[in-house]
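The values are calculated or read from the model by the stated rules, or taken from the named source; none is laboratory data. Quick caveat: nothing in here was measured; it's all calculated off a predicted structure. Cβ atoms come from the backbone with ideal geometry, glycine included; neighbour counts cover every protein chain shown. What goes into the accessible areas is simple: the full protein's heavy atoms, side chains included, and nothing from ligands, DNA or RNA. Shrake-Rupley method; radii C 1.70, N 1.55, O 1.52, S 1.80 Å.
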Amino acid sequence: MNTDQIFDVTIIGGGPAGLFASFYSGLRELKTKIIEFQPFLGGKVHVYPEKMIWDVGGLTPVTGTQLIEQVVTQGLTFDPEVVLGEKVTSLSKDEKGQFILHTLSGEKHYSKTVILAVGGGILKPNKLCIDNAERFEQTNLHYSVKSLAHFKNKTVLISGGGNSAIDWANMLEPIANKVYLTYRKDRLNGHEAQVTQLLNSTVDCLFNTTIKDLIASSDNKKIAKVLLNRGENDEKITVDIDEVIINHGYERDSDLLKNSELDIAMENEYCIAGSPMSETSIEGLYAAGDILHHQGKLLLIAGAFQDAANAVNKAKQYITPDATSWGMVSSHNDLFTQKNHEIIKQMYTV
Ligand SMILES: Cc1cc2nc3c(=O)[nH]c(=O)nc-3n(C[C@H](O)[C@H](O)[C@H](O)COP(=O)(O)OP(=O)(O)OC[C@H]3O[C@@H](n4cnc5c(N)ncnc54)[C@H](O)[C@@H]3O)c2cc1C
């Protein structure tokens with residue numbers, strides 16, 4: 001990879017916002033690069049691959065996995081350069097006003113404009129604070145649910161009392177043999193309807209308990225039992241389990257914004273204070289998706305798409321001031337003539 005090339009637009013983050021920005025940037029005929037920390041594209045949706053998503057306009061309910069497939073395919077329509085497994089650590093501008101993106105690997109990337117689509121930063125699940133717990137991560141200790149089928153007819157213990165833990169408990173209840181929920185407090189901390197559903201279900205809620213120890217199977221490969229402590233008297237409870245799911249929230253790595261020498265106006269510790277047109281306080285630097293706050297913000301994937309298109313349109317006009325303020329709609333856009341031709345041919349070829 002030649003990182004000396006100057007791109008028109010470099011998008012940091014390959015979630016829904018970054019991928020739609022990539023598609024739209026291609027539609028506006030901008031030379032585009034995406035840099036993503038994870039070894040895969042799709043962003044935070046990977047946290048909930050099997051959940052149903054209903055509120056993306058024009059899509060009947062899709063699973064997280066199906067949405068990822070769609071946004072990745074769309075995002076790659078115009079063959080952007082994609083750099084995976086790379087963390088952008090800071091941003092600066094050179095004397096010509098071009099952006100330099102500094103990365104953890106030491107590579108530098110150069111761009112006329114940058115779109116920050118970094119969501120809430122790099123998400124790392126808070127791990128279970130038990131010595132050597134990580135050895136079970138290859139077998140039956142999970143920090144997310146990748147496949148509901150994996151838990152079919154199993155005895156599952158979920159640790160956590162927030163929305164995600166409650167959600168997984170409700171989703172796994174009809175599939176698993178038995179679901180336990182351990183939570184350190186005496187009351188759950190989730191949406192009312194979901195909490196009511198959980199409390200009226202067969203899920204066994206073990207309030208005021210915390211995981212004290214993981215007891216291994218005889219071959220030492222899996223967790224066989226979980227030892228819980230209850231309340232101030234340290235009452236001990238042992239639960240036989242097949243699978244353990246930990247949902248203790250996420251640590252956010254937002255080093256990029258903290259380390260950058262550009263004075264990017266922030267709304268709070270995590271969100272960029274931008275305009276409804278996705279502009280930031282820095283010329284040529286735009287933002288889209290969860291990272292961006294503005295007056296008309298819709299904190300949904302649907303809102304991320306609008307931010308992304310606005311960011312690209314602004315980038316286009318920054319580079320070419322007399323360019324139109326938005327791109328030609330796709331149904332009339334000549335860019336798609338060849339692609340449409342191929343699709344129609346496939347549709348009508350028996
Ligand atoms: C459990 C759950 C359920 C949800 N359900 C829905 C729903 O039903 N409908 C809905 O509309 N929304 C839902 N959301 C919210 C939705 O997932 C987010 O709004 C959406 O993912 C935001 O997209 P994004 O591209 O802004 O950020 P993200 O999806 O967070 O993507 C940001 C990407 O940037 C990368 N990145 C961050 N920092 C760097 C860096 N320094 N260098 C390189 N890469 C970096 C990250 O690795 C990540 O891949 C849900 C969220 C959760 C957690």
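Based on the Cβ-Cβ distance from Leu299 to Ala216, what FRET efficiency comes out when R0 is 51 Å, to the nearest 0.05?
Taking R0 as 51 Å, the efficiency between Leu299 and Ala216 is 0.75.
Springs join every pair of Cα atoms under 10 Å in this Gaussian network model of the chain, and among Gly106, Gly58, Gly119 the largest mean-square fluctuation is at Gly58.
Once all protein chains are placed together, Arg135 keeps about 110 Å² accessible to a 1.4 angstrom probe. Under the classification rounded if a/c is under 1.5, otherwise prolate if a/b is larger than b/c and oblate if not, where does the chain fall, given a ≥ b ≥ c as square roots of the Cα gyration tensor eigenvalues? Verdict is prolate for the chain. Contact order, relative form, for the stretch 170-215: 51 percent (alpha carbon pairs under 8 Å, 6 or more residues apart, mean separation divided by residue count).
At a probe radius of 1.4 angstrom, the accessible area of the stretch 1-113 per residue rounds to 43 square angstrom. The calculated Kirkwood hydrodynamic radius for the stretch 127-248 is 14.3 Å, given to one decimal from all distinct C-alpha pairs.
Charge tally for Leu257 (other residues, Cβ to Cβ under 14 Å; Lys, Arg +1; Asp, Glu -1): -4.
Multiply the residue separation of Asn132 and Ile319 by 0.36 nm, subtract the distance between their alpha-carbon atoms, and state the gained length in nm to one decimal. If you can, show how the numbers build up before the last one.
Numbers: separation 187, 0.36 × 187 = 67.32 nm, distance 5.24 nm.
Result for the pair: 62.1 nm of gain on full extension.
Counting only protein heavy atoms and a probe of 1.4 Å, the accessible surface of the stretch 127-248 is 43% carbon and sulfur. The DSSP beta bridges internal to the chain are antiparallel in roughly 50% of cases. On a per residue basis, the stretch 127-248 carries 54 Å² of accessible surface, using protein heavy atoms and a 1.4 Å probe.
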